[in-house]
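The values are calculated or read from the model by the stated rules, or taken from the named source; none is laboratory data. Being a predicted model, the structure only gives us computed values, none of them experimental. So basically every Cβ, Gly included, is an ideal-geometry build from the backbone, and we count neighbours across all protein chains shown. The protein model used for the area step is the full one, side chains on, heavy atoms only, and it has no ligands, DNA or RNA in it. Shrake-Rupley method; radii C 1.70, N 1.55, O 1.52, S 1.80 Å.
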Amino acid sequence: HRSSLLQKITSKRRMNKLFESSASAPGKLILFGEHAVVHNQPAIAACLTDLRIKVQVSSREDGKVFFDLPDLIDDPISIAIQDLEVYNNGDGGDEKDGGGSLSSSQILEPNSFLKYLKDIGAPTLDVVKDIKEIIQKSNINLHTQCNKALSADTYESALIPLIYLIHQLIIPYKLKHGGFDIKVQSDNLPLGAGLGSSAAFSVASSAALYRYVLLYHDHDHIKENSIKDDNNVENDDINPGPTKKLKQDKLEVEIQKQPTKEQLDVINTLAFYSETLIHGTPSGIDNTVSTYGGAIKYVKLVNESGEMTSETTMFDNFPKLNVVLTNTFVPRSTKVLVRGVKKFKDDFPSIVDPILDSIGEISRTFCKDVLASKVITDESSRKISRLIQTNHHLLCALGVSHPSLNMISNLTTELYNDLKTSSKLTGAGGGGCAFTFLEEDFDKEGNDREMLMKSRLKVVIEKIESLDFYKNAKEIEQSKSSFRCFTSVVGGDGVLWL
């Protein structure tokens, strides 16, 4: 009896391990093309591989889903899982089963699942409305629970895509256990600063929940095999035989395996659909670079049937760029800024279209004159600086910059002769972050060049952080005293299963 009890306890612990899934996804830096990319112009973006959002999903027994977002709210909130089954996902199917056309085999086979997702298309505004009603019926008072530095709308914007993903991934699969915890936390990636935190959140959430379903499927098979082994092998958890050991080794390999290309395509599509719930009409560039990593050229296209599609070019040998990121701590809304540019374009197409065309030409010039050579030279460094400065001024003309961002751009322009620096806003603008590029000094070699660059980086950071924007900025909370600069690796891994 003792051995049987130990066997059951050990088996249960092993099974519980399968009900944990974690993923992390990086932020992004748009080098060129923000806003213009929404209007079918190319943009260049690279992931910030050491600035990430991490999402962890783990099972529970009480039939509730706990949302734990410590960066946004102090205490987790819960919603009964049956309350998440009540909205229509927009494809004309039954409300209760994810549209009536999705089977578990489709979720498990990535190409079939991707086809299903493309068939149903992005969620509609009705989905947003239905999910908001779910939140309201759950008696969650976001205005009293939300982190004081952020609005209740920010937290609601995080809950909506999570509930959508649960409905797409968990509800149709009809998992047999009673609920789960979702914990979302930033790993050094600033929120709402134009560095792709929203897309990193959508990508990491999609990957973690997708992985959760795949692990549950593995659990079903392992559980069946374990029951058979329990009937045939005594004390195998105390003295595991080769068959049991082999199963555990296989399980560890499965847990550590990274997404395949096909699985990345599914994750990217789910993340893009989630982004539409937050931003309305996102370009897709943020979730794409966060999913696949590295650096990309991204452009939206219209095919012969009039349908929107996209073309993504991955850069294998993206050159090292010396970059300083600056968080201005000025809050802004991507959705509002994107809508503002659209209205400007609708009202004055003959003025705005050439601006968008010029921004697109900057991206094309960067690819043609800089990336094509795959080696940064004095001449290409100077071109990068000029393109950065020009791109920033064009974004100013679109009305998406901010005095804080212009202050940084003006400073680094003044410093150009001495430090070879240039800056522009990155992301939606209106606050958030800027990045500063420092040209390499090719007159120096080896350690001398590296030491000189470290010295220049230090000087640039000190000068930017000494800017006193908040002295007369009454609209910004008084606790802010200066900009914050930090460095990051540009390029690298995209989404990871942990």
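Quick look at the values:
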| read-out | value |
| --- | --- |
| Residue within segment 441-461 that is aromatic (F, W, Y), surrounded by 13 or more Cβ atoms within 10 Å (Cβ to Cβ) and out of contact with any Phe, Trp or Tyr (no Cβ under 6 Å at 6 or more places or on another chain) present | no |
| Counted residues, segment 25-41 - those being over 11 Å from D286 (Cβ atoms) and open to solvent by less than 10 Å² (accessible area, probe 1.4 Å) | 4 |
| Check on A149, in a loop (DSSP other than H, G, I, E, B), at pLDDT 80 or above and surrounded by fewer than 19 Cβ atoms within 10 Å (Cβ to Cβ) | no |
| Verdict on L415 being within 23 Å of Y298 (Cβ to Cβ) and not polar (S, T, N, Q) | no |
| Residues of segment 312-332 satisfying the condition of being under 19 Å from the mean Cα position of the chain (by Cα) and among the charged types (D, E, K, R) | R332 |
| Test: residue in segment 430-439 that is at pLDDT 90 or above, hydroxyl-bearing (S, T, Y) and either open to solvent by less than 30 Å² (accessible area, probe 1.4 Å) or under 30 Å from the mean Cα position of the chain (by Cα) (or both) | yes |
| Any hit, segment 391-408, residues being within 26 Å of N188 (Cβ to Cβ), at pLDDT 95 or above, over 26 Å from the mean Cα position of the chain (by Cα) and surrounded by fewer than 20 Cβ atoms within 10 Å (Cβ to Cβ) | yes |
| Qualifying strands (runs of 3 or more DSSP E) (wholly inside segment 284-379; at least 3 residues being open to solvent by 80 Å² or more (accessible area, probe 1.4 Å), closer than 30 Å to D265 by Cβ and not hydroxyl-bearing (S, T, Y)) | 308-315 |
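To keep it simple, each residue is scored yes or no on (1) out of contact with any Asp or Glu (no Cβ under 9 Å at 6 or more places or on another chain); (2) outside any helix (DSSP H, G or I); (3) modelled with pLDDT under 50.
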| position | (1), (2), (3) |
| --- | --- |
| L165 | yes, no, no |
| L175 | yes, yes, no |
| Q185 | no, yes, no |
| V213 | yes, no, no |
| H217 | yes, no, no |
| D229 | no, no, yes |
| I238 | yes, yes, yes |
| T243 | no, no, yes |
| L246 | yes, no, yes |
